[in-house]
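What follows is calculated from the coordinates using simple rules that are stated; it is not laboratory data. In this text the structure is predicted, and so the values were computed from the model without any measurement. Backbone-built Cβ (ideal geometry, glycine too); neighbour counts: all protein chains shown.
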Amino acid sequence: MPAALAVWGATAAGIVFGSGLAWCVAVASGIACAGLAVCVWRWGSTGWIPVLLVACVFGGAFSAVTAWRMADVEAHPLARAAASGGWVTAEVNPTEDPRATASSMGPGQVYFRASVRSVTVGNQHYDAGGAVTVRAPSRLWPETLPGQALTIRGKVSVRSRSDLTLAVITTEGGPLEIGGAPWYQRWAGVVRSRFAEVCAQALAPDAAGLLPGLVVGDTSALSPVVKDNFTAAGLSHLTAVSGANISILLGAVLLLVRAAALDPRIGAALAAVTILAFVIVARPSPSVLRAAVMGTIGLLSLVTGRRKQALPALSAAVIVLVIVMPELAVDWGFVLSTTATGALVILAPVWVDALRLRGWPRWLAEMTAVSSAAFAVTAPVVAAMAGTLSVVSIAANLLVAPVIGVLTVLGALMALLALVSMPAAALLALAVWSPMWWLLSVADRAASVPGANLTVPSGLLGALVVLGLVLVSILLLWNRISRWLLGAVLTGLVLALAFHHVFSGGRLAPGWAMVMCDVGQGDGLVLATGDGRVIVIDVGPDPTSMDRCLNMLGVDDIALVLISHFHADHIAGLDAVLAGRSVSAVGVGPMLLPESGFRDVDAAARTHGVPLVGLRAGSTFVLGTVQFDVLGPVLPVPRDVVDADASANDQSLVLMAHTSAGRILLTGDSETAGEASIMRSGIDVRADVLKLPHHGSRTTSKAFLEAVRPRLTLVSAGAGNTFGHPHPQVLSELESLGGVVARTDQGGTLAVYGSVDGSVSVVSVPRGTIFG
């Protein structure tokens, strides 16, 4: 293990800090090796000195190798071109399937990693290898397979990650040339596509998107709502290829071999074929290869019970994997996979024995020990990586553990059967209906628990905080008295939550006029109509945040959903908001040329059978007790794509809502030009409550704020956003006007209340709190 840690640490340090540091570490290791060799010569080869000597030799050797590799990366033509931001033509082979990503300022993109065969920079052609990340418009990129020969042209930029990637190539269209893919990748593509087709035909949409992710890591059809539920519940590892997949499949093969009384050599051959087929179908990316090695080690350690051999095997696997793929040394997935496997082979058996001594049934002891050990060692890593801590992870994993093996095996059989007979595979899909329902239900219920996913500092501080919490919890559980006390506290908390949920009707007291939901870096507002319905204005930057806010408020009847404009941070949650609720209409402002965001809104409305209505400046409408005056936009609708992109924010709907909390001005992302045009038109923009335009960007003028002169200003911005929203100068100008400013990045969800005396108050529900 010391040798593996030395290899891992030396490689990671060299990749992160460059070849210079790697050479320094190599030299220092050489000097340390000489000193340790002298110690061994004088005092013999007993104790820890020989172990440290071996670790030092490994660390020094890998530092030198990493320094050599990083020097090649730093001198590569693509890396040099990235520094100047030029255009290149490259021949590449994708190493993974393209993955889609949304953009808040325009059309979506796909991205994937690829290996370089040759590159042309200017007039110079280089036959040089290496790894790059490719980005392209999703609407223009065709379906491609790993291993295909592609010729692309794009702008090259500096890599954003500290790894062995040379650069990022961003294209404006599809590939210039497309070659053929290897036969085994074509076969894998057929397996994945037919499996996904069977799932779509035989299962409900959420289950159809999830099962391919569970079995072969294909998350292309995974619902964003389901994805976020699994993340909050601590189940996200199930939607990615992990060692558990291979362990389950190998376990099924070995059980069949044993039941058929076959020769062990035949069993070994079948197991090897299973691993090879799985790696090909799930794509031979670094994460899949890592899972193959780790899963095999985990399975062998459990089957043979040889704990003392498991740790050396794990350490050897780390060394081999870092030799073959040095980029794994700085991969979060590698850290999670390695620590989880270590917990499985070291901690879990000890904890199983401890629970068995206390009278636990073996099956329950093994399930609890495995889930708890994996959580204990990976929670600090997840905190450092993402700044979150799922407090329901152990319970959720225990609840779904019985169905994961069944789903993995049946899903693999479905995928193979789909190659022969689609109807037969669809018939087999009926067997997965119940376990899929259970898995989705557990994820949904666990994610909806108040405070299920706590926010902690990211980086080293977050890891140390969570590690301290884990150690304290283990110490409390170790002692019988503290265990009883902890159980009593948890029981009381659960009962308090249940009482609050049943009798209080939610976190917010009734009577609110408007709620600004904490949706991160985006907008999502709810206005009460006074007749049991609501009006929703914008739906946030992701598919879950606004949906959860509406669930917290108990909203199931929406009179109108208003979309201020068509950027993703205002429309991405529309599908989830419309699903399962009664919605009378979706209202939109002017449609810009050719606006992909509008097409997304129109498609979501059509899918859920909700009519789309257009709103224009000067119109007035009443819903319940709320009157809306549409104030803008009053700027001309752009006639070409360039102008449309430049003025998209200024084409936001601007509305004045007359509510029980007074006049509320809703501004979307309107900027200086849009604000000025409304004021020039002579419209009265004075308001009691202002939704600050564009998340508090500097594009809001002081003249506009003085014209509105709000008593309360609400700012919707994401905590720690990279845009600097809200801008300090805008906040200073608001402060000089004497009003109160409330922000979602500081206070979480904000609720506005009015009173008979004309006063306005705001109540915040900070993230992670239970009672508001």
Net +/- balance of residues flanking VAL226 in space, Cβ distance below 11 Å, scoring K and R +1, D and E -1: -2
Sorted by Cβ neighbour density within 10 Å, fewest at the top, the residues LEU21, LEU364: LEU364, LEU21
Taking the Cα centre of the chain as the origin, how large is its charge dipole in debye, to the nearest 20, when only Lys and Arg (+1) and Asp and Glu (-1) carry charge on their Cβ atoms? 2300 debye
Report the residues of the stretch 122-143 in range of a label on ALA149: point 7 Å along Cα→C-beta, backbone N strictly under 12 Å from it. none
Radius ratio Rg over Rh of the chain, counting only Cα atoms, Kirkwood formula for Rh: 0.99
Charge dipole of the chain about the Cα centre (unit charges at C-beta), most positive-ward option of SER247, SER223, ILE178: SER247
Could you rank the peptides 722-732, 64-74 by their average count of other C-beta atoms within 10 Å per residue, with the highest value first? 64-74, 722-732
Among CYS24, CYS33, CYS199, CYS56, which comes first, then next, by fewest other beta-carbon atoms within 10 Å? CYS24, CYS33, CYS56, CYS199
Classify the stretch 514-765 from the C-alpha gyration tensor, please: rounded if a/c falls under 1.5, else prolate or oblate depending on whether a/b exceeds b/c. rounded
Which is farthest toward the positive dipole end of the chain among ILE558, ALA576, LEU454, measuring Cα position about the Cα centre, with Cβ charges +1 (Lys, Arg) and -1 (Asp, Glu)? LEU454
Once a ≥ b ≥ c are taken as the square roots of the eigenvalues of the Cα gyration tensor of the stretch 2-75, is the result rounded (a/c under 1.5), prolate (a/b larger than b/c) or oblate (a/b not larger than b/c)? prolate
Where in the chain are the DSSP H helices whose C-alpha atoms run 30 Å or more along the long axis and whose mean Kyte hydropathy is at least 1.0? 19-43, 49-75, 362-386, 393-420, 480-503
Let me check I've understood the local charge: for ALA585, count other residues with C-beta under 14 angstrom from its C-beta, Lys and Arg +1, Asp and Glu -1. What total comes out? +1
Using R₀ = 60 Å, calculate the FRET efficiency as 1/(1 + (r/R₀)^6) where r is the Cβ-Cβ separation of LEU737 and ARG80; round to 0.05. 0.70
Estimated FRET transfer efficiency when R0 is 56 angstrom, pair MET679-ARG117 (beta carbons, to 0.05): 0.45
Projected onto the charge dipole of the chain (unit charges on the beta-carbon of Lys, Arg, Asp and Glu, signs +1, +1, -1, -1), the Cα from ALA374, LEU734, VAL432 with the largest positive-side position is that of ALA374
For the chain, what does the helix formula give at 222 nm: sum of -39500 (n - 2.57) over DSSP H segments with n ≥ 4, over the residue count, nearest 500 deg cm²/dmol? -16500 deg cm²/dmol
